[in-house]
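Peer 1: Below is a structure I'd like to ask you about.
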There are 2 protein chains.
Amino acid sequence: MKKSILSVMLFLSGIVLFAQTKDEQTLKEIYKSSLTNSKCYSWLDYLSNKIGSRLSGSASAEKAVQYTKAQLETLGLDRVYLQEVMVPKWVRGEKETAYIQDNKTKINVPICALGGSVATSKNGLTAEVIEVHSIKELEALGNKIKGKIVFFNRPMEDEQIEAFNAYSGCVDQRYAGAKEASKFGALGTIVRSMNLRLDDFPHTGAQSYGDIPKSQYIPTAAISTNGAELLSKKLKNNPKLKFYFKQSCKQMDDVLSYNVIGEIKGSEHPENIMVVGGHLDSWDLADGSHDDGAGVVQSMEVVNIFKNLGYKPKNTIRVVLFMNEENGGKGGKKYEELAQTNKENHIFALESDSGGFSPRGFSLESDDVNFNKILGWKDLFEPYLIHSFVKGHAGSDIGPLTSKTLVKAGLKPDSQRYFDYHHALNDTFDAVNKRELELGAATMASLMYLIDQNGIEVNKEVQ
Amino acid sequence: MKKSILSVMLFLSGIVLFAQTKDEQTLKEIYKSSLTNSKCYSWLDYLSNKIGSRLSGSASAEKAVQYTKAQLETLGLDRVYLQEVMVPKWVRGEKETAYIQDNKTKINVPICALGGSVATSKNGLTAEVIEVHSIKELEALGNKIKGKIVFFNRPMEDEQIEAFNAYSGCVDQRYAGAKEASKFGALGTIVRSMNLRLDDFPHTGAQSYGDIPKSQYIPTAAISTNGAELLSKKLKNNPKLKFYFKQSCKQMDDVLSYNVIGEIKGSEHPENIMVVGGHLDSWDLADGSHDDGAGVVQSMEVVNIFKNLGYKPKNTIRVVLFMNEENGGKGGKKYEELAQTNKENHIFALESDSGGFSPRGFSLESDDVNFNKILGWKDLFEPYLIHSFVKGHAGSDIGPLTSKTLVKAGLKPDSQRYFDYHHALNDTFDAVNKRELELGAATMASLMYLIDQNGIEVNKEVQ
């Protein structure tokens, strides 16, 4: 080999080594900043304990908008603003009641109305119960369910390693169960809570009547897993037992709300936008500390870390706190609509909406070229125990985004405990560990940094 | 290449592929068995909620011996037996009290005596306080600490990614602080709890007076992290404030206790022993559900899984529930002593003593050859999110084992929350997640299976 070529090669490999060393150093600083000097945990404390649950359209959701906007304004960003969005407003009303009427015995069981459900009549609903384990089984029963309450009782599969796979294998019962049961004349549905644990918390969540006429809407509620086990057992002994439940929830007119946005202008490519976000709304039963208070404060922490380190991104970094992920996704849709109107070019979007647990990696929506590029950074993440880089769903709020050159990523925390809390009364601040939350924020900031430095490959192979 | 050589190579690679597929299938069955059909969570429920804390020499430690022996006897093992071991017995006595006396104001703070500490006098101990951050700083102060209470207040380092590194960087204050302070005439020591969180739980743990004369033993206690922050702040305003504490703990005579052992005889190499274990004793403040109830029931679950799957190990599998890890390590030493006496040949030992959290990998004490052999199984573990195979401390109970051909491993669960509970009042059953515990047991069973199938490489390069 000629000496000159060798020199060039040595020089080039020097550059690669230097970049790697620089990236290693920056990630170290990012993690240190997050673990020793972050605001995310105290932000979450305020969101959870001072503001509380933040269902779209509620007064507390609006407080959360004002609070996070004010906090972003303290960070010295280039721009902080609100984006108007009309959101559905559903209210639970009085606490629900339910019991199993087994001959002369009444046994109270914990239920909660599913989001978007209609109320029962004022006196509640009483009927015999048919237990099913799938919508298919319901359809096979057909008109036999007429006049009955349908009880969906397919449990989340314990043998799934990733808890989200167990969830997605079950959630059709909650989301579409009432709509399907209504078609065959059921009077209401009771759905086993989406929870891998046996406990007494009913878990709410979105349901949809789809396009059936309003007159056919039937009330639907979730029952705790212990309640579901009990009901199933009692039904085996007495298939003629009756179930009573009463709920007074109501769908109101849509109301004005906001996405909250903070921005650091890119120093080299201000026209290229990188989003990091979570959703500001939560269900109404608890603080929503994991879902998705954690994602909100982690996203805010990403720009806080950049500011603390004096890092000036090449591309525009935008933290977006989306409204209404839980029951409509209007915030995400509005964000995309305005991005289209303003002809914005998004190159990357990262969402945190899987809880504030120990981060394990990322779930990526990407073509192969960019996926492999990100995989190439695996060694950089190894000291931080970040190891799982997989293709998969990135996030609901960034779902609508359609810029031509766009990689999407979802933070992938440890999933085992997520459904212990998801949409239930116990999704509270004390269920979040400060360090796990901060490690998640640092992991997000690290990927944002690496994408900002190295860019996204354009017009390559499409996935 | 000659056709015959090619055939042989294809045949051999077929064998490798077949083995891999068989291993994949077995790991799948192991994880499924643990997640759907395990006993470990209900065993832990009993150990924690029916028996409770299990400090060596206590009546409940003996109940735990009898309970786990009886449970092992239900599993159809080839042999279940006890191993006698004399253990230290230390009792806490009445609940400790402590306050900061700042001029006329008394502020109560939560403390607990450190294990092995002597009592204060009946009326307690009152003295001025000197805050230090290391034993080195203490030595530099020398005789200035005479007649004072030394307050060790070096926090665990937040920036450490692995919480155990933060612990090992601090624990000398707890273990040796009193001994060192006594040499310069201190009257007592107060040690910041080994806890990364700010909260109100004092964390106990072992301390040792080493070889100083008994007459120089001084009382030593842990203070909660919030208490330590407060004391430090108050000291800045008033270096002359006094601290009061009272404890009535006592070291008793050693008593007879037991290691609990269950065994499946090896079908091919019964003379080769593979140990899997945790420690049966716990500190006295709580159930010790993470430390080390989790390790105990996971170890028992390993043989339960093998039995459920009808797996007949080639080597002898021995589950060992060690007594007295926390304050003496007598169980581990006795086990090794008898192994020597009986000329036993241990090829592998696996310990779980880092909490019942989501498993991440293994910490291995091994020569390079066997380390690399285990690393070669990384892909098999990937579907179960087991990714971290590092050289490092395997476990205290298996520490004394010295068989010539021996690889040691420690289960490495996620470490972030471990020190929230470690040796404190809140190390209780509700802090353990069923799935995380079961995933840990499956991870242990998987490594035991792979070592059993593939053996340990003998007489290769020594680390």
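Peer 1: Need one number: nm distance between label points at B:Val390 and A:His269, each 7 Å from Cα along Cα→Cβ, rounded to one decimal.
Peer 2: Going by the 7 Å Cα→Cβ label model, 3.5 nm.
Peer 1: Given Cα pairs under 8 Å that are at least 6 residues apart, what percent is the relative contact order of region A:96-248? Walk me through the numbers on the way to the answer.
Peer 2: Details: 352 pairs, mean separation 59.5, N = 153.
Taking the mean separation of contacting Cα pairs over the length of region A:96-248, I get 39 percent.
Peer 1: Let me ask something else. Percent of Cα-Cα pairs per 10 Å bin, from 0 to the last occupied bin, for region B:365-416, please list those.
Peer 2: 21, 51, 26, 2
Peer 1: Provide, in order from the shortest bin, the percent of all Cα-Cα pairs of region A:181-263 in each 10 Å bin, continuing until the bin that contains the maximum pair distance.
Peer 2: For region A:181-263, the pair-distance distribution reads 13, 35, 31, 14, 5, 1, 0.
Peer 1: Taking 0.36 nm per residue of separation and subtracting the Cα-Cα distance, what length does fully extending A:Phe184 through A:Glu457 add? Please list the in-between numbers first.
Peer 2: Details: separation 273, 0.36 × 273 = 98.28 nm, distance 5.14 nm.
Gain on extension, A:Phe184 to A:Glu457, equals 93.1 nm.
Peer 1: Okay, next question. On the principal axes of its Cα set, how long, how wide and how thick is region B:262-359? Give whole Å, largest value first.
Peer 2: For region B:262-359, the Cα spread along each principal axis is 45, 34, 18 Å.
Peer 1: Using the beta-carbon distance between B:Glu84 and A:Asp200 and R0 = 41 Å, what value does 1/(1 + (r/R0)^6) give for FRET efficiency, to the nearest 0.05?
Peer 2: On the way: r = 45 Å, r/R0 = 1.09.
For R0 = 41 Å, the calculated efficiency reads 0.35.
Peer 1: Provide the percentage of antiparallel DSSP beta bridges, counting only those with both residues in region B:335-463; round to the nearest 5. All intermediate terms of the calculation are to be shown ahead of the outcome.
Peer 2: Working: 6 of 14 bridges.
Percent antiparallel among DSSP bridges in region B:335-463 is about 45.
Peer 1: Relative contact order for region B:151-241: what percent, with Cα pairs under 8 Å and sequence separation of 6 or more?
Peer 2: Working: 134 pairs, mean separation 27.9, N = 91.
Reported relative contact order: 31 percent.
Peer 1: Quick one: how many Å² of B:Glu128 are accessible to a 1.4 Å probe, rounded to 10?
Peer 2: 40
Peer 1: Another question, if that's okay. Taking Rh as the Kirkwood radius, which is the inverse of the mean 1/r over Cα pairs, what is the Rg/Rh value for region A:224-274?
Peer 2: Numbers: Rg = 26.0 Å, Rh = 17.4 Å.
Radius of gyration over Kirkwood radius for region A:224-274 works out to 1.49.
Peer 1: Give me the percent of Cα-Cα pairs in region B:333-459 that sit more than 18 Å apart, rounded to a whole number. List each step's numbers first, then the result.
Peer 2: Values: 4405 of 8001 pairs.
That tail contains 55 percent of the Cα-Cα pairs.
Peer 1: Given 10 Å bins starting at zero, what is the percent of C-alpha pairs of region A:96-248 in each, up to the one with the largest pair distance?
Peer 2: Bins of 10 Å from zero give 12, 45, 35, 7, 0 percent of pairs.
Peer 1: What residues have an amide H closer than 5 Å to that of A:Leu350, excluding those fewer than 5 places away on the same chain, when H is modeled at 1.01 Å from N in the peptide plane?
Peer 2: A:Val275, A:Val276, A:Gly277, A:Ala409
Peer 1: Moving to a separate point now. To the nearest 10 degrees, how steep is helix A:294-308 against the longest Cα principal axis of chain A, on a 0 to 90 scale?
Peer 2: Value to nearest ten degrees: 20.
Peer 1: So for B:Ser267, A:Ser282, A:Ser215, what's the accessible-area order with a 1.4 Å probe, most first? All intermediate terms of the calculation are to be shown ahead of the outcome.
Peer 2: Working: B:Ser267 80, A:Ser282 0, A:Ser215 105 Å².
Of B:Ser267, A:Ser282, A:Ser215, the descending order of accessible area is A:Ser215, B:Ser267, A:Ser282.
Peer 1: What net charge do the residues around B:Glu336 carry, taking every other residue with its C-beta under 10 Å from that of B:Glu336, with Lys and Arg at +1 and Asp and Glu at -1? Before the final figure, lay out the partial values.
Peer 2: Values: positive: B:Lys333, B:Lys334; negative: B:Glu337, B:Glu344, B:Asp397.
In short, -1.
Peer 1: Given a cut-off of 30 Å, name the pairs among A:Lys22/A:Lys63; A:Lys95/A:Lys148; A:Lys32/B:Lys240; A:Lys50/A:Lys334 whose C-alpha atoms lie farther apart than that in the structure shown. Present the calculation step by step, with values, prior to reporting the outcome.
Peer 2: Working: A:Lys22/A:Lys63 41 Å; A:Lys95/A:Lys148 23 Å; A:Lys32/B:Lys240 36 Å; A:Lys50/A:Lys334 28 Å.
Those over the limit are A:Lys22/A:Lys63; A:Lys32/B:Lys240.
Peer 1: Additional query: What do you get for Rg/Rh of region B:122-208 when both radii come from the Cα atoms and Rh is the Kirkwood radius? Write out the running numbers ahead of the final one.
Peer 2: Working: Rg = 13.3 Å, Rh = 13.5 Å.
Ratio of gyration radius to Kirkwood radius for region B:122-208: 0.99.
Peer 1: I'd like the FRET efficiency for A:Leu338 and A:Ser208, computed as 1/(1 + (r/R0)^6) with the beta carbon distance as r and R0 of 30 Å, rounded to 0.05. Show your work: numbers first, answer last.
Peer 2: Numbers: r = 25 Å, r/R0 = 0.84.
Calculated transfer efficiency: 0.75.
Peer 1: Using a 1.4 angstrom probe and counting only protein chains, how large is the accessible area of B:Leu450 in Å², to 10?
Peer 2: Result for B:Leu450: roughly 0 Å² accessible.
Peer 1: Could you check the simple spin-label distance between A:Lys50 and A:Ala140, using points 7 Å along Cα→Cβ, in nm with one decimal?
Peer 2: Label-label distance for A:Lys50 and A:Ala140, simple model: 5.6 nm.
Peer 1: Tell me the angle of helix A:172-183 to the major Cα principal axis of chain A, expressed in degrees between 0 and 90 and rounded to the nearest ten.
Peer 2: Tilt relative to chain A: about 40 degrees.
Peer 1: Separate question: Considering only region A:96-248, what is the antiparallel percent among its DSSP beta bridges, to the nearest 5? Mind showing how you got there, number by number?
Peer 2: Details: 16 of 29 bridges.
Roughly 55 percent of the beta bridges in region A:96-248 run antiparallel, per DSSP.
Peer 1: Using Cα centres only, tell me the gap between region B:236-254 and region A:387-463 in whole Å.
Peer 2: 48
Peer 1: How far is helix B:434-454 tilted off the main Cα axis of chain B, in degrees rounded to 10, range 0 to 90?
Peer 2: Tilt of helix B:434-454: around 50 degrees.
Peer 1: Using only alpha-carbon positions, what ratio does the radius of gyration of region A:342-388 give when scaled by 2.2 N^0.38 Å?
Peer 2: Compactness ratio reported: 1.36.
Peer 1: A further question follows. Okay, helix-only estimate at 222 nm for chain B: each DSSP H run of n ≥ 4 adds -39500 (n - 2.57), divide by all residues, round to 500 deg cm²/dmol; what do you get?
Peer 2: Values: 13 runs with 159 residues, N = 463.
After summing the helix terms and dividing by residue count, I get -10500 deg cm²/dmol.
Peer 1: Same structure again: With a Förster radius of 25 Å, plug the Cβ-Cβ distance of A:Asn345 and A:Lys378 into 1/(1 + (r/R0)^6) and report the FRET value to the nearest 0.05.
Peer 2: On the way: r = 28 Å, r/R0 = 1.11.
After rounding, the FRET efficiency stands at 0.35.
Peer 1: Just grab the label-to-label distance for A:Gln25 and A:Glu128, each label 7 Å out from Cα along the Cβ direction, in nm (one decimal).
Peer 2: Once both label points are built, they end up 7.7 nm from each other.
Peer 1: Would you work out the relative contact order for chain B, in percent, from Cα pairs under 8 angstrom that are 6 or more residues apart? Mind dumping the intermediate values first?
Peer 2: On the way: 1074 pairs, mean separation 96.9, N = 463.
Contact order relative to length: 21 percent.
Peer 1: Also: What does chain B give for Rg and for Dmax, in Å, if only its C-alpha atoms count?
Peer 2: Radius of gyration, then largest Cα-Cα span, for chain B: 24.2, 96 Å.
Peer 1: If you don't mind, another one. What does DSSP give for the protein assembly as shown in terms of the percent of beta bridges that are antiparallel, rounded to the nearest 5? It would help to have the intermediate numbers written out before the result.
Peer 2: Working: 78 of 148 bridges.
Antiparallel: roughly 55 percent of the beta bridges in the protein assembly as shown.
Peer 1: Rounded to two decimals, what ratio of Rg to Rh does the protein assembly as shown give with C-alpha atoms and a Kirkwood Rh? Could you put the intermediate results ahead of the total?
Peer 2: Values: Rg = 30.0 Å, Rh = 30.3 Å.
The Rg/Rh ratio comes out at 0.99.
Peer 1: Express in Å², to the nearest 10, the accessible area of A:His387 obtained by rolling a 1.4 Å probe over the protein heavy atoms while all chains stay in place.
Peer 2: 30
Peer 1: What number do you get for region B:40-174 when its Cα radius of gyration is normalised by 2.2 N^0.38 Å, N = residues? Please report the intermediate quantities before stating the final value.
Peer 2: Numbers: Rg = 21.3 Å, N = 135, 2.2 N^0.38 = 14.2 Å.
Rounded to two decimals, the normalised Rg is 1.50.
The values are calculated or read from the model by the stated rules, or taken from the named source; none is laboratory data. Because the structure is predicted, anything quoted here is derived from the model rather than measured. Note that each Cβ is placed from the backbone with ideal geometry, even for glycine, and that neighbours are counted across all protein chains shown. Remember, those area values only see protein heavy atoms, side chains included, never the ligands or the DNA or RNA. Shrake-Rupley method; radii C 1.70, N 1.55, O 1.52, S 1.80 Å.
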